Structure formats: C-alpha cells, structure tokens
1. Projecting each Cα onto the charge dipole of the chain (Lys/Arg +1, Asp/Glu -1 at the beta carbon, about the Cα centre), which of PHE184, VAL202, TYR290 comes out farthest on the positive side?
2. Remind me, relative contact order of the chain in percent, using alpha carbon pairs under 8 angstrom and six or more residues apart?
3. Whenever you get a sec, compute what percent of the accessible area on the chain sits on carbon and sulfur atoms (1.4 Å probe).
4. Report the extension gain between GLN83 and ASP280 in nm, rounded to one decimal, defined as 0.36 nm multiplied by the number of residues separating them, less their alpha carbon distance.
5. Any idea what the dipole of the chain comes to, in debye rounded to 20, about its Cα centre with Lys/Arg Cβ at +1 and Asp/Glu Cβ at -1?
6. Could you check the spin-label model distance between ASN35 and ASN260? Points 7 Å from the Cα along Cα→Cβ, value in nm.
7. Mind giving me the nanometre distance, one decimal, between the label points for ARG372 and LYS196, set 7 Å out from Cα along Cα→Cβ?
8. Suppose R0 equals 22 Å; then what is the FRET efficiency for ILE180 and ASP227 from their Cβ-Cβ distance, rounded to the nearest 0.05?
Amino acid sequence: MKKLLYRKLFVDYMSFFILALIISTLIIWIFQAVNFLDIMIEDGREYNVYINYALLNFPKIFSKLLPLVLFFSIYFILTRYEQNNELIIFWNFGVSKIQFTNFILKLSIILLLVQIFLMNIVVPKSLDKARSFLSNSNIDFVGSFIKPKRFNDTIKGVTIYSEKNDEDDFLYNLYIKKNINNGFELTYAKKGIFTKKNSLPVLILYDGETTRNVNQKFTKFNFSKSDFLLANLNANTVTHRKTQQMDTIDILLCISRLYNLKTITLFNNTKKQIINCSTDNKLALLKELYKRLIVPFYIPILTLTPYILIFTSKENSNYSKIKLFVFLIGVLIIIFSEGIIRFVSEELSENIFILFSPFFIFILFYSSFISRLYSKT
C-alpha cells in the first residue's frame, strides 16, 4: 500500500511540475520570440534563421524556470493534499513523516542531476548553436529592412539613409556612408532598389555621385547607374562567442590557467586555445561557473521548504499565515541563490561562503527537520 501511495504522490508531483514548467516556459519563450522577430526583421535575416534561433533559446528558459516551478509544484500539491485530507492517509498507513520527507529528497537529487545536465551541456550547446546560426547566415536584403527617415546601420560599417520609399520598394534620396581602409565612402543617389544578382544581394543606385576619402585625399565621380555590392558585408548583430556559450570544461580549464591551479590536472591541457580566456574575463567566468555548478544545489532546499507544512494542519488557526510564510521562504531562497552571484569576487578565497552556502543551508534545514520530526515521535 505504501508503494501505491508513493506512486500516486510521485505522479501528482511530476505531472503538475512538468505541465506547469512547459506552459510557463512556452509563455516566456513566445514573448521572447516576438522580440527576436523584431531583431531578425531589422537585420534582414531569413525566417528559417529566426525559427532555429528562437527554438535554440528554449532550453535556456526551461532551465531558468525549473527551480521556481519545482518549488511551486511541491508547495501546491502538498497544500492540496492537506485540504483534501489526503496526508492523513499516509500517516494512517504507517508512513512516517521522516520517510515522507526522505522521499522528496530522493526525487530532488534526480532533478538536481537533470538541472546540472541542462546547465552544463544542453544550454551552452544550444546557445552556441544559435550563435552559429546568426554568424553563418546570410542577410535577406530583398525583403527591405530600410526604414525611411532613419539612419539604418544594420550592416556593419555601412549607414544608409532614405527619405522615402514607394509601393514598388524603390528608395528615394539615398545617402550611404561606407567605412573603408584609411577613410570612408559617401554616396548619394536619387533612387535605389534592393535586388539579387547571381543570388548575391545588391543595391542598384540611379543618378547619383560618390565621394571617396582615402588618406585625406578626396575623389568624386558621378553615375547614372551603379551597383552597391553587399555580399561581403555582415550585420551588426553580435555573433562572437560569449562566456555563457562556452563549454564547462573550457571554463574550468581557463580558470585553472588564470589562477595557476596546478592541482587541477584533469583539465591541464595547455595546448588548447580557449576563446574568452583572459584576465579581463575572470569575474564573468567565475559567475558562469557558479550558475552552472552551484545554483542547482539549491534544488534540494527548495523541495524541502514546502515540507514545513507537514508540521501543522489546516485546523490550525494560523495555517493560512504559515502557508504564506513558507511560500515567502521559498521565494527568498530563489532570490538569494540568484542574487548572491553579485558578490562573486575575482579572489577565490573570498568566494568560499558563496561556494558552500547551499550545502550549509541544506544541512541546517535538514537537521532542524530531523530533530523536530524525532521530537514528535
């Protein structure tokens, strides 16, 4: 009978947790995807790039929401069990509160490992893949991204201004500034239109002139028609690899190099070149390592927090206040786990408290639980 009770509890926990996590992730992802769409339109990116980029950002949102949704799910199910008098069934069939508590801790260890896997493998890989989609994609200039009466600097090193456009996508009174080696090139045209020649983007200009400044020497020429090639130009979108897109192994290796941690022999590969591995990036590397390896260890604490409610019942006149108090504790733990990252220092010795804080809090929580549970038996 105990197995059936635990199985029902497990199904209730996980079904509500998974459903709530997917729905909340989808809601936030949709809002974020709308913002990505604006960026893609401004950059003139193709829609397949937008779709892949948006989808690859889904794991990041999923892993970010997991601790919060997990706490809320356990809190909700426990309070529902109490309201429906279902917890009494556990006690009547010989399930002790210590066994009841240890069950959720075993489940939290599994979710802890899942979160570590997501944060250290899935999320960095997906973000790096999203970045590569941007850096390797072409800009779809045929779908006009030029907005009239605005200085459009979507293309790196090029600024385009157009006074107006018409229904046929023609641009009028165009001013184009292009940065070149040791100077710049300024072009004016009465009319222009984006098109493609041999699958390459081209801006065809009509009736204009170009002024070129190279090493403080000016040259000027007029044209009735001119092709402004855009094939070798890139967008201003940041496509270099960020710290959050690095492999965890690379971060550990980089930190061991920067701090001369000779005791770390597992990652002692001095020949490997690591992007973003510099003294200026020390703090960012340590913060990223904290998010990936330390924050997940707050999950057992968050799963244990709602279990404070098993020490009381709904008949207690202060039960509503206790529920609110427990909920606020869980929220504060989440805020603490994310907020303490601001105190991460470049000096490793100053991060000892931050490093061991989840373990210290868990031991304090669990020992107080055990002592109170034994005192009631």
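The values are calculated or read from the model by the stated rules, or taken from the named source; none is laboratory data. A quick note: this is a predicted structure, and the numbers were derived from the prediction, not measured. Glycine also receives a Cβ, built like all others from the backbone with ideal geometry; neighbour counts cover every protein chain displayed. In case anyone asks, the SASA skips ligands and DNA or RNA and just uses the protein heavy atoms, side chains included. Shrake-Rupley method; radii C 1.70, N 1.55, O 1.52, S 1.80 Å.
1. Of the options given, the answer is TYR290.
2. 16
3. Within the chain, the accessible surface is 60 percent carbon and sulfur.
4. Roughly 65.4 nm would be gained on extension.
5. In total the dipole reaches around 840 debye.
6. About 4.2 nm separates the two model spin labels.
7. Modelled inter-label distance: 6.6 nm.
8. 0.85
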